[in-house]
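Have a look at the structure below before the remarks.
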Amino acid sequence: MKGTFWQDASRGGAVLGLVYVVSSALSMYIPQIAILLSIITTVVVIYLMIYFTRKRAAMFAKEGYHYGKCFGFSVAMGLFAGFVTGAYEIVAANYLFTEEYHYALSIEVAAMRQLYGSFMTADSLDMMEDILRAMMFSPIWVLLSQIFAQASNKAFFGLFVAMAAKRAPQVFDESGDYEAEADDEEDDDEEE
């Protein structure tokens, strides 16, 4: 059971990543609903994080699953969600929505040149543009940035999810007797 941590985290992270992928793709196809989709996605992701973390915690009913373990599980799910969203972003930027991504890059570059143009040289601005282009279209940069972004996002949500999902150790057996005391009393009786 304990050896399934990464398997459970990968399943949960894949689902969370797919939620983001669907939301992002729909936002590209129907930009008018992007804000609404963002709100819905956030609610769904938090719900799913609680669901997957509680499911994981339920496997440890006897020994409990404390706040730190729940938080760690949330971050681990974020790592896997980052792989899924990173893979999608690579495909989206380079194949599916290339024009939209180039347009977004041109807006960022224009804003950067306007903001920094008065005190930076043209060569420095060109270098910054190349860096921005690499960060938006280079597969390794996109993947690493998505993994970091998703892990950070899930770490933030995990602070609250862990409170909702943590599980105290089960100190009573099924009949309601305190297990440890009952075992100790039996041992004491046998010694006498």
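R0 = 22 Å: FRET efficiency of Ala14 with Ser138, Cβ-based, nearest 0.05?
Working: r = 24 Å, r/R0 = 1.07.
That pair, Ala14 with Ser138, gives E of 0.40.
Ranked highest first by the average count of other Cβ atoms within 10 Å around their residues, in what order do 37-45, 71-79 fall?
On the way: 37-45: 15.0, 71-79: 23.3.
In descending order of packing, they fall as 71-79, 37-45.
How much area per residue is accessible in the chain when the probe is 1.4 Å and only protein heavy atoms are counted (Å²)? Before the final figure, lay out each step's value.
Working: 11890 Å² over 192 residues.
Here the per-residue accessible area is 62 Å².
Distance from a point 7 Å along Cα→Cβ of Phe156 to each backbone N in region 24-45: keep the residues under 16 Å and list them by number.
Those under the cut-off are 38-45.
From the phi angles alone, apply the Karplus equation (6.51, -1.76, 1.60; θ = phi - 60°) to region 53-67 and give each ³J(HN,Hα) in whole Hz, x where the residue is Gly or Pro.
6, 5, 4, 5, 5, 5, 5, 10, 4, 5, 8, x, 9, 7, 3
Would you work out what percent of the accessible area of region 17-105, with all protein chains in place, is carbon or sulfur (probe 1.4 Å)? List each step's numbers first, then the result.
Numbers: 3470 of 4710 Å².
Ligands and nucleic acids excluded, carbon and sulfur reach 74 percent.
Here are several values of semi-axes √(5λ) of the Cα gyration tensor in Å: (i) 26, 20, 18; (ii) 49, 17, 13; (iii) 39, 18, 14. Which one was derived from the coordinates shown?
(ii)
List the residues, sorted by chain then number, that are 5 or more residues from Tyr65 or on another chain and whose placed amide H is less than 5 Å from its amide H.
Answer set, sorted by chain and number: Arg167, Ala168.
Can you tell me the FRET efficiency between Asp123 and Ala87 if r is taken as the Cβ-Cβ distance and R0 is 35 Å, rounded to the nearest 0.05? Walk me through the intermediate numbers first.
Working: r = 34 Å, r/R0 = 0.98.
Efficiency, from the Cβ-Cβ distance: 0.55.
Order of 115-126, 46-57 by packing, highest average Cβ count within 10 Å first?
Numbers: 115-126: 10.9, 46-57: 18.8.
Descending packing order for the listed peptides: 46-57, 115-126.
Using helices alone, I'd like the mean residue ellipticity at 222 nm for the chain: each DSSP H run of four-plus residues gives -39500 (n - 2.57), total over residue count, nearest 500.
Details: 7 runs with 150 residues, N = 192.
Mean residue ellipticity, 222 nm, calculated: -27000 deg cm²/dmol.
Residue-wise, which Karplus ³J(HN,Hα) couplings in Hz belong to region 121-134, taking 6.51 cos²θ - 1.76 cosθ + 1.60, θ = phi - 60°, and x for glycine or proline?
6, 4, 5, 5, 5, 5, 5, 5, 5, 4, 5, 4, 4, 5
What list of ³J(HN,Hα) values in whole Hz, one per residue of region 103-109 in order, does the Karplus curve 6.51 cos²θ - 1.76 cosθ + 1.60 (θ = phi - 60°) give from phi, with Gly and Pro shown as x?
Once θ is set to phi - 60°, the couplings for region 103-109 become 5, 4, 5, 5, 5, 5, 5 Hz.
The values are calculated or read from the model by the stated rules, or taken from the named source; none is laboratory data. Keep in mind that what you see is a predicted model, and the values were worked out from it rather than measured. Reconstructed Cβ throughout: ideal geometry from the backbone, glycine too, with neighbour counts over all protein chains shown. Accessible surface areas use protein heavy atoms only, side chains included; no ligands, DNA or RNA. Shrake-Rupley method; radii C 1.70, N 1.55, O 1.52, S 1.80 Å.
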